[in-house]
Each structure stands twice: as structure tokens, then as C-alpha cells.
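A short worksheet on the structure shown next.
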Amino acid sequence: MGATRNTLFLNAGRMIRVVDIPEGVKPTPMEELMEKDPNVKAFLRKLGSIIEDGFDPDVPGSLEAFNRRITFPLAYDVRL
């Protein structure tokens with residue numbers, strides 16, 4: 001997808017992942033990726049069950065709703 005990822009690990013088992021997507025690139029939705037690759041779906045099934053207020057990839061709209069809950073608008077746009 002061409003995105004750059006950075007992960008920040010906080011206390012109490014919390015993690016923040018920052019994804020920088022280049023201008024003009026539209027990321028592939030996770031729902032589409034998991035339907036194309038059974039390994040991605042298996043990973044998301046395991047991941048969704050251990051996240052507080054997580055998601056179930058077998059329930060239509062669950063992953064999409066989860067993504068809306070955890071996505072925050074751009075706070076700063078720093079260009080070098």
C-alpha cells in the first residue's frame with residue numbers, strides 16, 4: 001500500500017500505530033485484503049478477539065465500525 005508505519009508502545013499494554021499514507025494513494029480496505037488472503041483473515045480473527053471492544057471479521061461491518069472508532073483525524077501535517 002506504500003504507507004510508512006511507526007508504532008509507539010505506551011504503558012498498560014497500550015499501543016499507537018501511526019500510518020503515513022502518501023498523497024494521492026488510497027489504501028486498500030482491510031475488509032478487501034482479508035477476503036483476498038485467508039492468512040490476513042485468520043490474523044484479524046485472532047487480533048480482534050484480544051482487543052478491548054474489538055471486532056469480529058466474520059460479522060459484516062464489524063471491522064469497518066472498529067476502524068471508525070479508532071481512527072483519528074490528522075492532528076499535524078508536517079512536511080520536510
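Here are the numbers for this structure:
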quantity	calculated
Which numbered condition ALA12 misses (of (1) within 12 Å of the chain's Cα centre (by Cα); (2) assigned to a loop (DSSP other than H, G, I, E, B))	(1)
Evaluation of VAL19 against (1) exposed (fewer than 11 other Cβ atoms within 10 Å of the Cβ); (2) at pLDDT below 75 (one fails), failing number	(1)
Hits in the stretch 22-62 - residues which are among the aliphatic types (A, V, I, L, M) and open to solvent by 60 Å² or more (accessible area, probe 1.4 Å)	VAL25, MET30, LEU33, ILE50, VAL59
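The values are calculated or read from the model by the stated rules, or taken from the named source; none is laboratory data. Being a predicted model, the structure only gives us computed values, none of them experimental. With ideal geometry, Cβ positions are generated from the backbone for all residues, glycine too; neighbour counts draw on all protein chains shown. Surface accessibility is based on the protein's heavy atoms, side chains included, excluding ligands, DNA and RNA. Shrake-Rupley method; radii C 1.70, N 1.55, O 1.52, S 1.80 Å.
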